[in-house]
Amino acid sequence: MMKNAIVFGASGFIGSFLLGELLSSPDYAQVTAVVRHALPISHPKLKTLIADYDTLPALKDQIMADEVFIALGTTRKNTPDQRKYYEVDHDYPVLAAKIAKERGARAVFIVTSVGANAGSSTFYIRTKGETERDIIALGMEQTHIFRPSMLMGSRMEKRTLEKLLINTFSIVNPLLFSKKLKVYKGIEGRDVARAMVAAARKPVVKIKVYHWQDMQDLLRLG
């Protein structure tokens, strides 16, 4: 039986790959993308909703899916205000998952970060950890959490420091071969998206956290 999916963050780095994977998958009859601006693509399966954190509740009746995929996030450069940053990285994902559950979604797939920890003294890591904690607290039938380290691949947005880090990770990656260090391996944004869609085809789990090796296993097994 074909499923319906909803994607938050479909215009972002991972989200754009994720949208493409879902649209091309024979598992889905309809894919709804919730974005702030119209997308430059069209597809028979695609339904687009224009919304943000403040306007999403008004579109609640149009949100209907079996699975919700969340790839929302920002950077300190784009969102220097800590309160707004928290809204994008925590409040919006939790609200999106909550509304999706109320509208029938049984599974949530969300991208956070390696090291996510609600008890951390580091704002970024603590925010990701609190997002995981509050998504899990919604009690969906399935909760899939993806924790990539450095995201590899070309971006539309110019990020000089990030480009330098990606080049460094390309050299360091082969050296991170122990089980403990593998979680810090860089991964292509496209591969995170592919792993998320692959996880949706696996046997049902209540809560599952995926690090680098887990995502590689999903990619290998399809």
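The values are calculated or read from the model by the stated rules, or taken from the named source; none is laboratory data. Everything numeric here is computed off the predicted structure, so don't read it as measured data. FYI the Cβ positions are ideal-geometry reconstructions off the backbone, even for glycines, and counts take in every protein chain you see. These accessible areas exclude ligands, DNA and RNA; they are computed on the full protein's heavy atoms, side chains included. Shrake-Rupley method; radii C 1.70, N 1.55, O 1.52, S 1.80 Å.
Here are some conditions: (1) open to solvent by 30 Å² or more (accessible area, probe 1.4 Å); (2) within 14 Å of the chain's Cα centre (by Cα). Leu19 meets all but one. Which one does it not meet?
So Leu19 meets the others, but not (1).
So is Lys77 of a type in the set (Lys, Arg) and not in a helix (DSSP H, G or I) or not?
So Lys77 fits the description; yes.
Quick one: what pairs do we get from the stretch 203-222, first residue more than 17 Å from Val114 (Cα to Cα) and of a type in the set (Gly, Ala, Ser), second open to solvent by less than 50 Å² (accessible area, probe 1.4 Å) and outside any strand (DSSP E or B), C-beta under 9 Å, 6+ apart or different chains?
Gly222/Ala198
Going by the conditions given, is Arg147 modelled with pLDDT of 95 or more, open to solvent by 20 Å² or more (accessible area, probe 1.4 Å) and not hydroxyl-bearing (Ser, Thr, Tyr)?
yes
Just to be sure, is Asp54 loosely packed, with under 14 Cβ neighbours inside 10 Å and either without any contact (Cβ under 8 Å) to a residue 40 or more places away in the chain or more than 19 Å from Asp134 (Cβ to Cβ) (or both)?
For Asp54, the condition - loosely packed, with under 14 Cβ neighbours inside 10 Å and either without any contact (Cβ under 8 Å) to a residue 40 or more places away in the chain or more than 19 Å from Asp134 (Cβ to Cβ) (or both) - is met.
Yes or no: Tyr86 aromatic (Phe, Trp, Tyr), surrounded by fewer than 21 Cβ atoms within 10 Å (Cβ to Cβ) and modelled with pLDDT of 95 or more?
Judged against the criteria, Tyr86 is a match.
Residues checked against (1) buried (at least 17 other Cβ atoms within 10 Å of the Cβ); (2) basic (Lys, Arg); (3) within 22 Å of Leu218 (Cα to Cα); (4) touching a strand residue (DSSP E or B) at 6+ places or on another chain (Cβ under 6 Å):
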| residue | (1), (2), (3), (4) |
| --- | --- |
| Ser11 | yes, no, no, yes |
| Gln30 | yes, no, no, yes |
| His37 | no, no, no, no |
| Asp61 | no, no, no, no |
| Asn78 | no, no, no, no |
| Ala96 | yes, no, no, yes |
| Lys128 | yes, yes, no, no |
